[in-house]
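What follows is a set of notes on a single structure, which appears directly below.
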Amino acid sequence: MQHLIKLKIWLKFSLFLFLFSLNSYTTNLDETKTQLEGTILHIDNTNYTKITLRSTEKVLVHFYDEIDLEVGDKIKVRGRLEKPEKARVFNLFDYQNYLKSKKIFWILKAEQIEIIEKNNNIFYTLKTNVKKRINSIEKSENYVSNFIIGENNLEEDVLESYKINGTLHLLAVSGAHIAILILIMKKAIKKDLPIILILLLYLFLTGFRTSITRAILFYIMLIINKKLNLKQKPINLLVLLASFLLIINPFLIYDIGFQFSFVISFFLLKTQHIINKKNNFFEKILTTSIIAFIASLPITINNFFQINLLTPLINIIFIPIYTFIIYPVSLLTFFLPFLDNIFFQIISLTEKLSIFLSNFSI
């Protein structure tokens with residue numbers, strides 16, 4: 001009872017902090033600023049160079065010329081600051097709110113970039129080397145990148161088929177994938193502290209993506225809860241974690257990954273006793289899929305304007321494939337690149353199956 005009282009007090013205090021932080025969460029920059037210096041946190045060269053720059057605050061830099069940059073480099077950027085566009089049609093994707101969920105208020109259209117100092121940080125160097133190793137994998141690079149560092153560069157028709165099937169969540173590293181990673185490490189390392197340190201390093205390498213952040217921090221909270229004998233239920237810890245992240249960044253509430261991750265996790269924990277009653281493996285998957293499907297309905301409809309009634313059945317096929325084959329093999333391919341051809345054959349068959357099933361959506 002005492003633990004429950006403490007939890008209620010914390011939640012009320014969290015609500016106050018959330019409302020306070022929402023009012024105080026503003027930018028210190030304006031349009032008159034034409035030059036910024038900072039450290040590169042992330043680089044995306046898909047169509048043109050997009051740089052996440054940590055200056056006095058995080059800024060997204062757009063640069064349309066070729067330049068050799070690495071994560072961790074300190075640069076000076078000249079250009080003009082622009083506000084990201086809000087949604088032009090009511091209730092459609094709002095790019096401004098999306099960037100706010102990443103703590104980014106401005107886009108800097110760069111005219112000139114000057115390298116002040118090359119990266120000398122060991123962690124950024126590790127991140128760069130991981131990226132280079134992934135880029136050296138010829139055929140299955142996109143999937144290895146997706147599951148190792150969380151960067152999704154899959155073909156549009158494949159992504160659309162997963163979206164129609166309601167299986168897009170399988171392409172994001174989530175609790176199930178982190179659980180497998182932890183299981184592997186427990187077999188090899190066994191001690192909690194080294195595992196936690198490796199998970200925190202992995203969190204850095206993936207750029208603190210929402211679903212990965214939720215899964216890793218939740219695991220750490222479970223360990224602390226057990227070690228200190230706090231006797232808090234997992235669902236209480238999940239609520240505490242959500243409130244903590246929203247205090248740090250209130251605009252995370254706009255992040256679809258945050259919405260899916262916490263809402264589905266909440267309902268799965270709430271209905272765990274129902275799932276545990278199922279003896280058959282596929283019954284458990286079907287029950288889990290139905291619960292997740294129902295829990296995510298408001299988010300799916302609000303963001304994608306369509307649902308597929310076959311999603312729970314399709315998940316029975318895809319969840320085991322991704323959980324026990326594609327994700328583990330992607331890890332193996334990163335360390336053993338000679339598996340590239342085998343992995344490519346597996347993902348090619350899976351993509352064809354996804355595209356085929358998307359033709360039968362209801």
Restricting the search to region 36-67, which residues are of a type outside the set (A, V, I, L, M), in contact with a Leu (Cβ under 8 Å, 6 or more places away or on another chain) and open to solvent by less than 60 Å² (accessible area, probe 1.4 Å)?
38, 39, 49, 50, 52, 55, 57, 62
Could we say that residue 124 is farther than 30 Å from residue 345 by Cα, among the hydroxyl-bearing types (Ser, Thr, Tyr) and surrounded by 13 or more Cβ atoms within 10 Å (Cβ to Cβ) here?
yes
Residues (over 20 Å from residue 227 (Cα atoms) and crowded, with 18+ Cβ neighbours inside 10 Å) located in region 177-195
177, 178, 181
Just to check your reading of the model, which residue among 116, 134, 107 is β-branched (Val, Ile, Thr), more than 30 Å from residue 337 (Cα to Cα) and surrounded by 15 or more Cβ atoms within 10 Å (Cβ to Cβ)?
107
Just name the residue that is least open to solvent (accessible area, probe 1.4 Å) out of those in region 196-220 that are part of a loop (DSSP other than H, G, I, E, B) and not β-branched (Val, Ile, Thr).
207
Any idea which of (1) under 28 Å from residue 28 (Cα atoms); (2) out of contact with any Phe, Trp or Tyr (no Cβ under 7 Å at 6 or more places or on another chain); (3) without any contact (Cβ under 8 Å) to a residue 60 or more places away in the chain is the one residue 110 doesn't satisfy?
(2)
Give all pairs with beta carbons closer than 7 Å in which a residue from region 178-196 that is within 20 Å of residue 326 (Cβ to Cβ) meets a residue that is of a type in the set (Val, Ile, Thr) and open to solvent by 90 Å² or more (accessible area, probe 1.4 Å); count only pairs at least 6 apart in sequence or on separate chains.
none
Is region 301-312 home to any residue that is part of a helix (DSSP H, G or I), open to solvent by 40 Å² or more (accessible area, probe 1.4 Å), without any contact (Cβ under 8 Å) to a residue 24 or more places away in the chain and out of contact with any Asp or Glu (no Cβ under 6 Å at 6 or more places or on another chain)?
yes
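Let me confirm something: among 267, 244, 282, 251, which residue is at pLDDT 90 or above and either crowded, with 19+ Cβ neighbours inside 10 Å or not in a loop (DSSP other than H, G, I, E, B) (or both)? Break it down into steps so the answer makes sense when it comes.
Numbers: 244 fails: at pLDDT 90 or above; 282 fails: at pLDDT 90 or above; 251 fails: at pLDDT 90 or above.
The unique qualifying residue is 267.
Per-residue answers, yes or no, for (1) out of contact with any Leu (no Cβ under 8 Å at 6 or more places or on another chain); (2) open to solvent by 40 Å² or more (accessible area, probe 1.4 Å); (3) under 30 Å from residue 26 (Cβ atoms):
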| position | (1), (2), (3) |
| --- | --- |
| 240 | no, no, yes |
| 256 | yes, yes, yes |
| 262 | no, no, yes |
| 273 | yes, yes, no |
| 298 | yes, yes, yes |
Among all residue pairs at least 6 apart or on different chains, which show Cβ distances below 6 Å where the first residue, located in region 199-213, is more than 17 Å from residue 132 (Cβ to Cβ) and the second is assigned to a helix (DSSP H, G or I) and among the β-branched types (Val, Ile, Thr)?
199/216; 203/216
Can you pull out the residues in region 154-168 that are within 16 Å of residue 326 (Cα to Cα), in contact with a Ser or Thr (Cβ under 8 Å, 6 or more places away or on another chain) and either among the aromatic types (Phe, Trp, Tyr) or open to solvent by 30 Å² or more (accessible area, probe 1.4 Å) (or both)?
162
Report yes if some residue within region 2-25 is under 17 Å from residue 99 (Cα atoms), modelled with pLDDT of 60 or more, surrounded by 13 or more Cβ atoms within 10 Å (Cβ to Cβ) and not aromatic (Phe, Trp, Tyr); otherwise report no.
no
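The values are calculated or read from the model by the stated rules, or taken from the named source; none is laboratory data. Values in this document were obtained by computation on a predicted structure and should not be read as measured data. Backbone-built Cβ (ideal geometry, glycine too); neighbour counts: all protein chains shown. These accessible areas exclude ligands, DNA and RNA; they are computed on the full protein's heavy atoms, side chains included. Shrake-Rupley method; radii C 1.70, N 1.55, O 1.52, S 1.80 Å.
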